[in-house]
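Working notes, beginning with the structure itself.
The values are calculated or read from the model by the stated rules, or taken from the named source; none is laboratory data. The structure presented is a predicted model; accordingly, all values stated were derived computationally and were not measured. So basically every Cβ, Gly included, is an ideal-geometry build from the backbone, and we count neighbours across all protein chains shown. Only protein heavy atoms, including side chains, enter the accessible area calculation; ligands, DNA and RNA are left aside. Shrake-Rupley method; radii C 1.70, N 1.55, O 1.52, S 1.80 Å.
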Amino acid sequence: RLSLGIFSVGMFAVSIIVSFLLARQLSRPIVLLAQATQRISRGETDVVLDLREEGEMGILIESFNQMTKDLK
């Protein structure tokens with residue numbers, strides 16, 4: 001029983017750590033995009049995101065970079 005309890009607590013701790021790391025990896029491009037939009041709002045027009053993402057996030061980053069080119 002004791003080893004099963006220790007194993008369960010260990011697996012719970014590992015799952016929390018993995019969840020935290022995955023959440024950071026998913027939110028990082030969003031945070032960088034938000035920071036870039038704040039720079040644009042302050043008047044900086046030479047902002048380019050050098051992120052390589054797939055899916056909808058990749059499309060959004062490409063659109064942002066195209067928008068900054070158009071603003072110049």
Answer with one residue from Ala13, Gln38, Ser27: the one whose Cα lies farthest towards the positive end of the charge dipole of the chain, charges on Cβ with Lys, Arg +1 and Asp, Glu -1.
Ala13
Test item: Cα-centred dipole of region 25-72, Lys/Arg +1 and Asp/Glu -1 on Cβ, debye:
200 debye
For the chain, what is the mean residue ellipticity at 222 nm derived from helices alone (per DSSP H run of n ≥ 4: -39500 (n - 2.57); sum divided by total residues; nearest 500 deg cm²/dmol)?
-28500 deg cm²/dmol
With the 8 Å Cα cutoff and a minimum separation of six or more residues, the chain has a relative contact order in percent of 25 percent
Would you kindly derive the ³J(HN,Hα) couplings of region 64-71 from the backbone phi angles with the Karplus curve 6.51 cos²θ - 1.76 cosθ + 1.60 (θ = phi - 60°), listing them in order in whole Hz, with x for Gly and Pro?
4, 4, 5, 4, 5, 5, 5, 5
The chain accessible area per residue, 1.4 Å probe, protein heavy atoms, integer Å², reads 84 Å²
Just grab the label-to-label distance for Val14 and Ser41, each label 7 Å out from Cα along the Cβ direction, in nm (one decimal).
4.3 nm
